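**Q** Take a look at this one; I'll ask things after.
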Amino acid sequence: MSQLTLLRNAEVFAPERLGATDVLLAGQTIAAIGDLSAAAALADVTTVDVSGRTLVPGLIDGHLHQIGGCGLQGYSSRAPELWAGELALAGITTSVATPGIETFTKNMDAVLAKAYALEQDGLSTYAFLGGFRKPFLTLTGSIRRDLYLIEKLIGIKVALGDAVASRFSNEELIDLAAELEWSSRATGKACIMHAHLGSLPDPAAQLLHTIKHAMAAPERFQATHGNNTEETLAAAVQLTKAGCVVDLNPLLDPLRGQVGSIGTRHAVPRLLAAGVELSMLTMSTDGNANTPVLQRDGSRGPYIKNLGTLWEGTVELVREADLKLEDALSLVTTNPARVLRLEERKGRIAVGLDADLLVLDDDLQIQDVYSKGRLLVHGRQPLVASMYEHHDDEY
C-alpha cells in the first residue's frame, strides 16, 4: 500500500482559494481534499498538522539551465551544474532545462543526463532542444525524431536577436514551426518554440511573421525574456494578441542588477493594463545561466544562480502589484502547466495530480516542499541532496 500523508487544516490555494481544509497524499499523488478528520485515525496515515500555514502548488520553472549556461568571459566562467537541494529550497518541483550559449561540452547528451539525474533525486524534469547556435545538436540526428522518441523533450529553444546567436531566415523559422506542429500532433506533447527575445529594435518581428505564416497552432509559441527591455515589453503585447504566450523573468529587474530591464512587479501590471490576459503570461528564472550583476559603471559583478527569484517575484506581485495570491500563483503553476501540456499531472492541487506542494508561513516564505509526495525540504532545511551537492547558506 502507498504511504499516506495527511496535511491537516491548511489554507489551500489550488491555486484558487479553497479555504482551510485537509489534503491526503497517497504515494506520489493527491488522493483526497476536504474534511478528512476520519482518515487521521487510520494506522497507516502520517498526519502533519499545518494549521495556520498556506498550501500552494509546487513551482514550475519553464526555463533554466540545469547544467549551467556559459558566462562568455573565458573558460573559467563556465557554470557548474544545479543540484536537487538548490531547486527544492527554491520551491521548484518541476523544471525545463534549456541549452545555453555553449553547446560543445554542455550538449544535449549532458542536458538530458542531468534531467534524468534530478528526476532520480525526486524532482520532475523536462528539456528543450536548441540553443544559441545552429545547426542544433540532436540526439538521434533529427529534431523530429528526438521529439517523437524521447519523452522528456517537449520543445525547442531558439535565440532571436542576440549578438552571440545564429541568425535565422524567416523560411527557416517557418520550417521549424512545421516540424514542431507535426511533432505535437504525433506525440500529444507541447513541442513549443520557446523563443529568446534579444535586443533588436523590433524584437518580435520575426516571431510574429512565423506565427502568421507557419500555419502552426498559436499555442506552439512562447516568447521569453519579455521584460528584458522596454522594446521587448511592447513586443509582449503584440505577441499575446497573436496567441503567443509571453514568459517573464523576475531576475530582470534593476534592483537585481539588470540595468534597463523592467521588474515583473511592474511589467505584469503594465501588461494587464494594456489588455493582456493573465492566462497569456508565465514566469521563469533563467536560472544558472551565468547571469552577472551589472554595476552602474558598466562593470560586471558576481554571477548568481537566481533560483529564488521565482518565488520572490511571485510574492512581489502580491505585495507590490496588488495581485491576489491565486492570480500571482497562476504565472508559476497553472499557466506554465498548460503551455507545456503538463496540466494532467502538474500545476494544481487537485485529486489525481502529482503531490507537488509548498507549505508557506505567515510571511509567505517557503517552509516545506513536497515533490511527488516526497518531503524534500522541512523547516527551510533540505532533506534531499544530489550525490556531490555542497550546501551553501543561500541559493
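**Q** Which members of segment 67-126 meet the condition of being crowded, with 17+ Cβ neighbours inside 10 Å, out of contact with any Phe, Trp or Tyr (no Cβ under 6 Å at 6 or more places or on another chain) and β-branched (Val, Ile, Thr)?
**A** Correct list: Ile67, Ile92, Thr93, Thr94, Thr103, Val111, Thr125.
**Q** Now for a different question. Going residue by residue through segment 153-170, is there one that turns out to be surrounded by fewer than 17 Cβ atoms within 10 Å (Cβ to Cβ) and outside any loop (DSSP other than H, G, I, E, B)?
**A** yes
**Q** If His209 satisfies every condition in (1) over 24 Å from Leu331 (Cβ atoms); (2) in a loop (DSSP other than H, G, I, E, B) but one, which is the exception?
**A** The one condition His209 does not meet is (2).
**Q** Would you mind listing the strands (runs of 3 or more DSSP E) fully within segment 295-378 where at least 2 residues are hydroxyl-bearing (Ser, Thr, Tyr)?
**A** Counting at least 2 such residues, we get 366-371.
**Q** Let me spell it out: the conditions are (1) over 28 Å from Gln367 (Cα atoms); (2) modelled with pLDDT under 95; (3) assigned to a loop (DSSP other than H, G, I, E, B), and Val276 meets all of them except one. Which number is the exception?
**A** (2)
**Q** Separate question: Mind telling me which of the residues Asp361, Asp354 ends up being over 14 Å from the mean Cα position of the chain (by Cα) and either free of Cβ contacts under 8 Å to residues at least 40 places away in the same chain or surrounded by fewer than 17 Cβ atoms within 10 Å (Cβ to Cβ) (or both)?
**A** The conditions single out Asp361.
**Q** Take the residues in segment 249-268 that are part of a loop (DSSP other than H, G, I, E, B), touching a helix residue (DSSP H, G or I) at 6+ places or on another chain (Cβ under 7 Å) and hydrophobic (A, V, I, L, M, F, W, C); name whichever of them is modelled with the highest pLDDT.
**A** Of everything passing the filter in segment 249-268, Ile262 is modelled with the highest pLDDT.
**Q** Can you report the number of residues in segment 180-202 which are at pLDDT below 95 and more than 22 Å from the chain's Cα centre (by Cα)?
**A** Qualifying residue count for the region: 4.
**Q** Restricting to segment 113-167, name every residue that is within 26 Å of Thr29 (Cα to Cα) and of a type in the set (Asp, Glu).
**A** Selection gives Glu119, Asp121, Glu151.
The values are calculated or read from the model by the stated rules, or taken from the named source; none is laboratory data. Quick caveat, the model's predicted, so the values are computed rather than measured. Cβ sites come from the backbone with ideal geometry, for glycine too, and all protein chains shown count toward neighbours.
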